[in-house]
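For reference, the structure discussed in these notes is given below.
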Amino acid sequence: MDKSISTLTESVADIHDGAVLMIGGFGGSGSPIELIHTLIDRFRETGSPKDVTVINNNAGNGFVGIAAMIKAGMVKKMICSFPRSSNAEAFNEKFLADEIELELVPQGTLAERIRAAGAGIPAFYTPTSFGTELAIGKPTEEFDGKHYVQERWLKADFAIVKGQLGDKHGNLTYRLAGRNFNPLMCMAADVTIAQVSDLVEAGGIDPEQVITPGIFVDHVVEVKSPQQEEILVRTGAVH
Amino acid sequence: MTYTKLTNAQIAWRAAQDIEDGAYVNLGIGFPEMVAKFQPEGREAVFHTENGVLGFGQAPAEGSEDWDLINAGKKAITLKPGASFFHHADSFAMVRGGHLDVAILGAYQIAQNGDLANWRVGSKGVPAVGGAMDLVHGAKRVAVITDHVTKDGKPKLVETCTFPLTGVGCVTRVYTSLAVVDIEGGKFVLREKLSDISMDELQALTGATLHTDGPVADLSVPEL
């Protein structure tokens with residue numbers, strides 16, 4: 001068993017046109033910036049992958065990461081809860097020009113839809129959004145006198161996530177609040193690709209410290225000293 | 001009569017007085033975050049942020065931020081002893097599952113039946129909802145802190161919200177720049193008001209009937 005891949009380029013080579021792609025992170029925290037940029041580089045060189053649907057809490061910030069994907073023109077649709085940031089110019093321009101679709105999902109519903117997909121649960125009921133415009137067209141039900149909205153699972157073809165430690169079995173840990181959506185997305189995609197700051201042999205992570213068990217992860221690629229998206233945004237970096 | 005409305009800091013101070021020792025609390029992004037500054041002596045609340053942290057403290061000194069350690073507003077935070085990390089599904093299980101004691105949010109409008117509108121004012125621009133629609137469900141107490149009226153003087157406490165709803169019948173108490181108002185049985189019930197504002201003046205600034213079911217206390221807040 002060895003899920004490690006030696007280069008970033010190889011790790012994202014299978015992501016195809018029209019793919020539904022989950023990208024871990026919340027704002028810049030836990031954002032797999034090197035995997036995203038490798039994918040953008042491939043698009044610029046080959047025109048693929050295009051028409052990608054991206055699932056993330058946000059819709060990018062500044063001119064790096066998801067914002068750079070959008071700016072490059074490879075994103076057809078965003079599924080997110082909060083497409084607003086300190087500099088959301090890339091998304092705003094495309095959205096207001098009708099050049100990108102948006103499915104707006106409440107944050108907790110987004111997380112639970114992803115978790116449900118990973119857990120094999122096609123739909124669930126939540127009180128969130130009942131009576132609001134985000135519940136229009138969705139079935140509702142009353143349980144014990146309270147109203148709930150039916151929400152469906154959210155699956156993806158690929159997930160790209162950022163871990164701290166990873167081993168060759170795909171077991172992962174995360175750094176600080178960089179955990180956020182990453183463990184859920186690992187579960188919900190057909191193929192999960194993790195970049196980790198340190199790749200170790202099986203046994204190199206204390207089993208009690210494993211956050212994402214390797215069964216949810218397909219490929220691990222080591223990126224020593226990864227860049228931090230928020231710092232890139234604040235220093236005006238452009239990819 | 002002339003009166004001086006409370007500052008935002010004073011509204012936040014008043015809301016903080018109702019947070020008990022040991023409470024688990026979520027503060028909305030922006031103005032509600034100020035409530036954390038005014039915890040009464042001897043009480044310790046544990047603050048929750050949607051992106052997966054319990055037990056965070058103040059912002060770090062400028063230059064010592066770690067941008068993997070942020071709150072839901074994407075601001076850098078620090079941890080207090082006893083803090084924990086968790087993923088987003090667990091974070092919102094805490095929210096919807098009834099585990100939070102208090103959620104405090106801002107508002108565009110609050111209706112007398114407890115409906116809240118706080119996520120967008122119309123259909124133009126880029127919509128963004130974040131965790132607001134989740135937060136209004138599940139916390140044992142959902143409170144709002146807000147100016148009593150809008151910037152152009154229109155009531156924020158109304159019979160029916162005209163802006164898009166965040167949640168239905170979810171708010172139980174409103175702390176404003178003029179008063180403390182509970183929502184009970186589909187009515188606004190006045191609990192406290194500034195001593196210098198008359199009932200008639202307060203009612204004139206409120207878009208639905210203010211009821212009373214006993215004495216109305218003075219809303220008394222220190223200079224901050």
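Side notes on the structure shown:
- Along each principal axis, Cα extent of the range B:8-213, largest first, Å: 50, 42, 33
- Gyration tensor verdict on the range A:71-198 (Cα atoms; rounded if a/c is under 1.5, prolate if a/b is larger than b/c, oblate otherwise): oblate
- Among A:Thr128, A:Thr212, the ranking by other beta carbons within 10 Å of each residue's beta carbon, starting with the fewest, stands as A:Thr212, A:Thr128.
- For A:Val20, distant residues with modelled amide H under 5 Å away: A:Thr53, A:Asp157, A:Phe158
- At R0 = 22 Å, FRET efficiency that the Cβ-Cβ distance of B:Tyr3 and B:Thr212 yields, to 0.05: 0.75
- What the phi angles of the range A:175-188 give under the Karplus curve with 6.51, -1.76 and 1.60, with θ = phi - 60°, is a coupling list of 10, 6, 7, x, 5, 4, 8, 4, x, 5, 5, 4, 6, 9 Hz, glycine and proline written as x.
- For the range B:163-224, the fraction of alpha-carbon pairs lying more than 14 Å apart is 59 percent, rounded to a whole number.
- Each residue in B:Cys170, B:Cys161 was given a count of other beta-carbon atoms within 10 angstrom of its own, and listing them fewest first yields B:Cys161, B:Cys170.
- Rg and Dmax of the protein assembly as shown, based on Cα coordinates, read 23.2, 79 Å.
- Theoretical FRET efficiency, 1/(1+(r/R0)^6), r = Cβ-Cβ of A:His16 and B:Lys187, R0 45 Å, to 0.05: 0.20
- Local electrostatic count at B:Trp67 - Lys and Arg +1, Asp and Glu -1, tallied over other residues with Cβ under 12 Å: -1
- Kirkwood hydrodynamic radius of the range B:77-171, from inverse mean 1/r over distinct Cα pairs, in Å: 14.6
- Karplus-derived 3J(HN,Hα), 6.51/-1.76/1.60, for each residue of the range A:136-142, Hz, glycine and proline x: 4, x, 9, x, 10, 8, 9
- Computed over neighbours whose Cβ is under 13 Å from that of A:Asp14, the net charge equals -4, Lys and Arg +1, Asp and Glu -1.
- Ranked by the mean number of other Cβ atoms within 10 Å per residue, highest first, peptides B:173-181, B:86-94 order as B:173-181, B:86-94.
- Lysines with Cα under 23 Å of A:Lys71, excluding same-chain neighbours fewer than 8 positions away: A:Lys50, A:Lys94, A:Lys162, B:Lys74, B:Lys124
- Overall dimensions of the range A:1-98, expressed as equivalent-ellipsoid semi-axes from the Cα gyration tensor (√(5λ), whole Å, largest first), are 22, 15, 11.
- The local environment of A:Val52, defined by Cβ-Cβ distances under 9 Å, has a net charge of +1 under the rule Lys, Arg +1 and Asp, Glu -1.
- Long-range Cα-Cα pairs in chain A (distance over 23 Å), rounded percent: 48
- Based on Cα contacts under 8 Å between residues 6+ apart, chain B shows a relative contact order of 20 percent.
- The phi-based Karplus calculation (6.51 cos²θ - 1.76 cosθ + 1.60; θ = phi - 60°) puts the 3J(HN,Hα) values of the range A:90-100 at 4, 5, 3, 4, 5, 5, 6, 9, 6, 9, 8 Hz, whole numbers, x for Gly and Pro.
- Packing, taken as the mean count of other beta carbons within 10 Å per residue, orders the peptides B:6-17, A:10-21 from highest to lowest as B:6-17, A:10-21.
- Straight-line reach from B:Lys5: taking Cα to Cα under 30 Å and skipping same-chain neighbours fewer than 8 places apart, the lysines in range are B:Lys37, B:Lys75, B:Lys140, B:Lys151, B:Lys154, B:Lys156, B:Lys187, B:Lys193.
- Likely footprinting exposure, B:Glu62, B:Glu50, fewest C-beta neighbours within 10 Å first: B:Glu62, B:Glu50
We did not get these values from a lab; they are worked out from the coordinates using the rules stated. Treat the numbers as computed from the prediction; the structure is a model and nothing was measured. Backbone-built Cβ (ideal geometry, glycine too); neighbour counts: all protein chains shown.
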